[in-house]
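The values are calculated or read from the model by the stated rules, or taken from the named source; none is laboratory data. Model, not experiment: these values are computed from the prediction. Every residue, glycine as well, gets a Cβ built from its backbone with ideal geometry; the counts of neighbours run over all protein chains shown.
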């Protein structure tokens, strides 16, 4: 492959990944706790040295806070600090999330998205019923008696957060618990998505222009290459 074709191919593959990311963002604009995905930049020299340019691109996340949605439901929780998250687990892997629409499963365990178990100070959070109150420090009470607690976490390195499925985030650097005095939650509210559909559409139009420009570059190079072949044939 010639350099011109390789450069155009890298540009088109990256643009295609950005289209997929925009589609995901637009589809999730109304999902509480969703964090807008962004394609992480990478040095162009690295892309040229990679056989499959798109395979090395990563989906990072925009950590800007979304607006509050008041629900009045006690197990709907929003995190007040931008750098703190709930943690959910399937028993083998743990993810961070800002999506606090929790419920009880059949075993009385507090779960979130995809039925993943919410991580508390001592592991699973088991509650006698949904008729509870959640205090700002995460303590869960029923008629004034403590019956459990939710725990907030923060990534060791915010820059290491990568998008996973849905509202879930992965922290490659690991996570650490937030002490009860620093972590504050708001019961009866959810944090909305931080995606603005209008901004995503502007980004989509920009990518469309990028595709057109790259296409013209390839067509122009093809024309020059064809004329060169024709001249050689005349010799």
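Some points to look at:
- Just one of the listed residues (158, 154) is within 26 Å of residue 115 (Cβ to Cβ) and assigned by TED's automatic domain parsing to the domain that holds residue 77, and it is 154.
- Matching entry among 136, 163, 172 (being touching a helix residue (DSSP H, G or I) at 6+ places or on another chain (Cβ under 7 Å) and under 30 Å from residue 89 (Cβ atoms)): 172
- Any hit, the range 58-68, residues being outside any loop (DSSP other than H, G, I, E, B), within 25 Å of residue 134 (Cβ to Cβ) and modelled with pLDDT of 90 or more: yes
- Only one of the numbered conditions (1) part of a loop (DSSP other than H, G, I, E, B); (2) in contact with a strand residue (DSSP E or B) (Cβ under 7 Å, 6 or more places away or on another chain); (3) surrounded by 16 or more Cβ atoms within 10 Å (Cβ to Cβ) is not met by residue 99, and that is (2).
- Residues (assigned to a strand (DSSP E or B) and under 16 Å from the mean Cα position of the chain (by Cα)) located in the range 123-167: 154, 155, 161, 162, 163
- Of all residues in the range 147-166, those that are at pLDDT below 95 and closer than 22 Å to residue 109 by Cβ total 3.
- Remark: pairs (first residue in the range 11-25, closer than 10 Å to residue 37 by Cα; second residue part of a helix (DSSP H, G or I); Cβ separation under 7 Å; 6+ apart in sequence or on different chains) = 18/207; 22/200; 22/203; 22/204; 25/200.
- Residues (in contact with a strand residue (DSSP E or B) (Cβ under 9 Å, 6 or more places away or on another chain) and at pLDDT below 90) located in the range 167-181: 172, 173, 180
- Test result for residue 106, at pLDDT 95 or above, assigned by TED's automatic domain parsing to the domain that holds residue 70 and over 23 Å from residue 62 (Cβ atoms): yes
- Any chance residue 170 is part of a strand (DSSP E or B), closer than 27 Å to residue 66 by Cα and within 24 Å of the chain's Cα centre (by Cα): yes
- Breaking point among (1) modelled with pLDDT under 90; (2) in contact with a helix residue (DSSP H, G or I) (Cβ under 7 Å, 6 or more places away or on another chain); (3) in a loop (DSSP other than H, G, I, E, B), for residue 195: (1)
- Matching residues in the range 130-161 - criterion: being touching a residue at least 60 places away in the same chain (Cβ under 8 Å) and surrounded by 15 or more Cβ atoms within 10 Å (Cβ to Cβ): 134, 150, 151, 152, 153, 154, 155, 161
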